[in-house]
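Asks: Before I ask anything, here is the structure I am working with.
The values are calculated or read from the model by the stated rules, or taken from the named source; none is laboratory data. Since the structure is predicted, the reported quantities are computational estimates derived from the model, not experimental observations. For neighbour counting, all protein chains shown are included, and Cβ atoms are generated from backbone atoms with ideal geometry for every residue, glycine included.
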Amino acid sequence: MGNIQAALTSEPIIESKTVSVVSCRFRGGQGKTGVEDGPVHLLEAGLIDQVKELGYEVRFDGHQEFKDIEEDFPSEQDPDIGRMRRPRLVSKVCEKVSQVVEERARAGEIVLTLGGDHSLGMATIGGTIEAHPDLCVLWIDAHADINTPETTDLGWLHGMPVSFLLGLSQMPEYAWTKGRLHPSRIAYIGLRDIEAGEKATLKKHGIKAFSMHHVDKFGITKVVEMALDAVNPGRDRPIHLSFDIDALDPSIAPSTGTPVRGGLTFREGRYICEAVAETGRLVAMDMVEVNPSLTDPADPISAQRTVATACALIRSALGENLL
Ligand SMILES: NC(=[NH2+])NCCC[C@H](N)C(=O)O
Ligand SMILES: [Mn+2]
Ligand SMILES: [Mn+2]
């Protein structure tokens, strides 16, 4: 009965065997250099071969090109709008990325976006939802990234993508954003650094958010189950997994721009990805905020550790070790 109902109510999910890698060497949504090198390090670590080894075809046609946009909007041509920093650059880059992601998702490929900073989330999810209107999102992060231009303190766009996805932030420079994601279709796991304005927004819209407190209280198994029950009760909707590496504890993923102690363990991170793989509904994944240039002085292999962790999470989401 469950299956029949699923077949009747949900669009067919393409059982894709192609992973499309969208590499975004972009750092304009935050203030630190080096995050644009995240994709390069992930690829140098052998990510493509690792994915092929899991039985997928991999499509990768080089890094996305943002040069012309960066030339059109150098900082002098891109003054702050209110508190927002580099607003036009981020908008133009994300608009382009969303078109690429949409096209690949429509082709039935699993879209794997490598960042770059998490402002890209507005592009990736914005693109995926055009191809899969029934989409639900798991946002794995220490931060809620749901600031609006009004609530943001620092003004960086990597703290705001969710507000654009939900249509809470609207402005002429971001007219391309459609605000299609319903608040009931996104759940967070890993939160531990949420601003007051963000907390109010989460409450107001009844968004399911599981903090590290909940992970401690219920365990990761239960938390993932509750998150999926909230956004995907029949396990029949396509899933976009947006993974900010800073969700993990800095001891496992030190090389990131806004680390917050008390994060997910390596196994908890992998468990989330495995549970998504188990549903068979993954249509897109983001791996963002890997910044190999930021190192913990106490950890001589910070960057390698962080990159290896990110690769392991990606492999888990693609089904590694599922029996
Ligand atoms: N994707 C991230 N790492 N975001 C960090 C956001 C930090 C802070 N809440 C802000 O809005 O600026
Ligand atoms: Mn974060
Ligand atoms: Mn984030």
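Asks: Please go through region 96-109 and pick out each residue that is out of contact with any Asp or Glu (no Cβ under 7 Å at 6 or more places or on another chain) and either in a helix (DSSP H, G or I) or closer than 17 Å to Thr177 by Cβ (or both).
Replies: Across region 96-109, the qualifying residues are Lys96, Val97, Ser98, Gln99, Val100, Val101, Glu103, Arg104, Ala105, Arg106.
Asks: Anything in region 227-279 that is within 27 Å of Ser184 (Cβ to Cβ), within 16 Å of ligand 2 (Cβ to nearest atom) and surrounded by fewer than 22 Cβ atoms within 10 Å (Cβ to Cβ)? List them, or say none.
Replies: Val260
Asks: Provide a single number: the residues in region 182-199 that are in a loop (DSSP other than H, G, I, E, B) and in contact (Cβ under 8 Å) with a residue 24 or more places away in the chain.
Replies: 4
Asks: With the structure loaded, tell me whether Gly121 is within 27 Å of Gly46 (Cβ to Cβ), small (Gly, Ala, Ser) and within 16 Å of ligand 2 (Cβ to nearest atom) or whether it fails that test.
Replies: Against the criterion (within 27 Å of Gly46 (Cβ to Cβ), small (Gly, Ala, Ser) and within 16 Å of ligand 2 (Cβ to nearest atom)), Gly121 qualifies.
Asks: To continue, here is another question. I need every pair where a residue in region 110-133 that is closer than 19 Å to Arg88 by Cβ and assigned to a helix (DSSP H, G or I) has its Cβ under 6 Å from the Cβ of a residue that is among the polar types (S, T, N, Q) and within 16 Å of ligand 2 (Cβ to nearest atom), sequence separation at least 6 or different chains.
Replies: Listed pairs, sorted by first residue: Gly121/Ser242.
Asks: If the Cβ limit is 7 Å and pairs must be 6+ apart or interchain, which residue in region 295-323 that is modelled with pLDDT of 95 or more and assigned to a helix (DSSP H, G or I) pairs with which residue that is surrounded by 14 or more Cβ atoms within 10 Å (Cβ to Cβ) and polar (S, T, N, Q)?
Replies: Filtered contacts from region 295-323: Ser302/Ser255; Ser302/Thr295; Ala303/Ser255; Ala303/Thr295; Thr306/Ser255; Thr306/Thr256; Cys311/Gln50; Arg315/Gln50.
Asks: Hey, Arg185 hits all of (1) within 25 Å of Glu268 (Cα to Cα); (2) among the basic types (Lys, Arg); (3) surrounded by 23 or more Cβ atoms within 10 Å (Cβ to Cβ) but one; which does it fall short on?
Replies: (3)
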